[in-house]
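For reference, the structure discussed in these notes is given below.
The values are calculated or read from the model by the stated rules, or taken from the named source; none is laboratory data. On a predicted model such as this, the values are computed, not experimentally measured, just so you know. Quick reminder, even Gly has a Cβ in these numbers, built from the backbone with ideal geometry, and neighbours come from all protein chains shown.
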Amino acid sequence: MNFFSILLFILSSNIDNLVVGVSYGIKKIYISLIPNILIASITCIGTILSMLFGQSMSYFIPAIVSNTIGGLILIGIGTAGILKYLCRKKKNEPSDGIRWPLEHPEKYDQNNNKQLDWRESILLGLALSINNIGLGIGASIAGISILPAAIGSFIMSILLLFIGNLMGSRFFLKSQGNHTELLSGFIIIALGILVIIF
């Protein structure tokens, strides 16, 4: 169970990287290895910090109760993401402020040179980390191990950003990236149910 929980966690916490990579690729903005590693490092640090915070909270809660609470937090986060997506689709509105880099990636390429420098990479890494704070806290309370989750998240961040950047520059249309928030919500809900059951 722990392996599948970690796998679902690293997928759900990094699926935005795939969308960002696709969006950048569509705009012909290239993400080289060094900026990619910098972004992954920042999101990894954010994951570790949020999970450490969640772990500190779990010390005051019995294991059975903490699994249930952590699972319910994850289910709540996933449900909220799905509801926000459905509301925006119904009103035909763009994403909110936290997810605006997914809608307008070119705004992070501040010098308009079609590549990310280290300053722009830091800003993007921080924006992606903000999305994962609640997820990291909930996962840690639910008992997911920090070290394998952090390492897996770091590797998955690099891979999905690279793959998305490549696919966006060659194959994808912009509209295809808009549905991954819905997918992420379902993955997070599945993770929450998994940690509660097992």
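Give the number of residues within region 1-56 that are closer than 24 Å to GLY78 by Cα and in contact with a Ser or Thr (Cβ under 8 Å, 6 or more places away or on another chain).
Initially, region 1-56 is screened for residues closer than 24 Å to GLY78 by Cα, giving 1-23, 39-40, 42-56.
Those still in the list that are in contact with a Ser or Thr (Cβ under 8 Å, 6 or more places away or on another chain) too: 2, 6, 9-10, 12-19, 39-40, 42-47, 50-55.
The number of residues fulfilling the criteria is 26.
Counting the residues of region 170-198 that are modelled with pLDDT of 80 or more and aromatic (Phe, Trp, Tyr) gives 1. Being over 16 Å from LEU123 (Cα atoms) and in contact with a Gly (Cβ under 8 Å, 6 or more places away or on another chain) holds for only one residue in ILE73, ILE69, ILE42, ILE31, and it is ILE73.
Applying the condition of being of a type in the set (Val, Ile, Thr) and at pLDDT 85 or above to region 51-88 and asking which residue is surrounded by the most Cβ atoms within 10 Å (Cβ to Cβ) yields ILE73.
Just one of the listed residues (THR79, THR47, THR68) is closer than 30 Å to ARG170 by Cβ, assigned to a helix (DSSP H, G or I) and out of contact with any strand residue (DSSP E or B) (no Cβ under 8 Å at 6 or more places or on another chain), namely THR47.
Taken over region 45-66, the criterion of being of a type in the set (S, T, N, Q), in contact (Cβ under 8 Å) with a residue 12 or more places away in the chain and farther than 14 Å from LEU135 by Cα is satisfied by SER58, SER66.
Report yes if some residue within region 27-44 is within 11 Å of ASN132 (Cα to Cα), of a type outside the set (A, V, I, L, M, F, W, C), in contact with a helix residue (DSSP H, G or I) (Cβ under 6 Å, 6 or more places away or on another chain) and touching a residue at least 12 places away in the same chain (Cβ under 8 Å); otherwise report no.
For region 27-44, residues within 11 Å of ASN132 (Cα to Cα), of a type outside the set (A, V, I, L, M, F, W, C), in contact with a helix residue (DSSP H, G or I) (Cβ under 6 Å, 6 or more places away or on another chain) and touching a residue at least 12 places away in the same chain (Cβ under 8 Å): present.
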